[in-house]
Amino acid sequence: MSGYDLRKVFAETALGNYSSSPGAIYPALARLEKAGLIEGEEDRAQSLRPRKLYRPSAEGRRVFREWLSQDVTRDDVSRSFDELMLRFAFHSALGSSTATRRFLERLAAEVESYVEELRRQRKLFPQGAPVHSRLALEAGIEQYRASARWARKALGHFKEDE
């Protein structure tokens, strides 16, 4: 894909929470290319103005698979849940139902553990605390509970590798 193609993906899909700004994408592509994670080549066939097309290098594919295979941590659950879902969305690149099952099992377990921590925090809420604060915490608990249910349900879509 070209930088412009990536901008369209970020602007027109659920990946829209990532910046589609040229000021973010093109420097990131330059850093990835300098690190040897992607390779760019000019494509003059598509238009009068040549564009640069990028593809992952062998090292880039290795690093990508390593990122996908990272364990799910409490910090991931509490601070970067969107990134966990992004990792899951690309999990088919691993070609392993076992790896996906392990990811989902760890996700469910970490989320359920975090829900219990949030419930403990709710019990410690001061009596005079604003109702808004308590309701916001309860909304978070419900969202995490739904995520844990989803992860357990998603497990049913993946059988252990033979």
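As an exercise, identify the chymotrypsin sites (Phe, Trp or Tyr not before Pro) in the range 97-162 lying in DSSP coil whose Cβ has no more than 13 other Cβ atoms within 10 Å.
Loop-located and lightly packed - none at all.
State whether the range 1-56 is rounded, prolate or oblate according to the following rule on the C-alpha gyration tensor (a ≥ b ≥ c being the square roots of its eigenvalues): a/c under 1.5 gives rounded; otherwise a/b larger than b/c gives prolate, and the remaining case gives oblate.
Cα axes put the range 1-56 in the oblate bin.
Using square roots of five times the C-alpha gyration tensor eigenvalues, list the equivalent-ellipsoid semi-axes of the range 1-105 in whole Å, biggest first.
So the three semi-axes of the range 1-105 are 29, 16, 12 Å.
If you line up the long axis of helix 22-34 against the longest principal axis of the chain, both from Cα atoms, how many degrees apart are they, to the nearest 10?
70
Enumerate the amide H contacts of SER2 below 5 Å, restricted to partners 5 or more residues apart or on another chain; note that Pro and chain-start residues carry no placed amide H.
TYR54
Relative contact order for the range 21-162 using alpha-carbon pairs under 8 Å, separation at least 6, rounded to a whole percent?
20
Once the Cα gyration tensor of the range 76-151 is diagonalised, what are the square roots of 5 times its eigenvalues, in whole Å and ordered largest first, as equivalent ellipsoid semi-axes?
Semi-axes from the Cα gyration tensor: 31, 11, 8 Å.
Taking the chain as a Gaussian network, Cα atoms linked when under 10 Å apart, which of ALA30, ALA14, ALA146 shows the biggest mean-square fluctuation?
Largest GNM mean-square fluctuation: ALA14.
How much mean residue ellipticity at 222 nm does the chain get from its helices, if each DSSP H run of length 4 or more adds -39500 (n - 2.57) and you divide by all residues, to the nearest 500 deg cm²/dmol?
Taking each H run of at least 4 residues, the total per residue is -20500 deg cm²/dmol.
Values in this text are rule-based calculations from the coordinates and carry no lab data. Everything numeric in this text was worked out from a predicted model, so none of it was measured. Cβ atoms come from the backbone with ideal geometry, glycine included; neighbour counts cover every protein chain shown.
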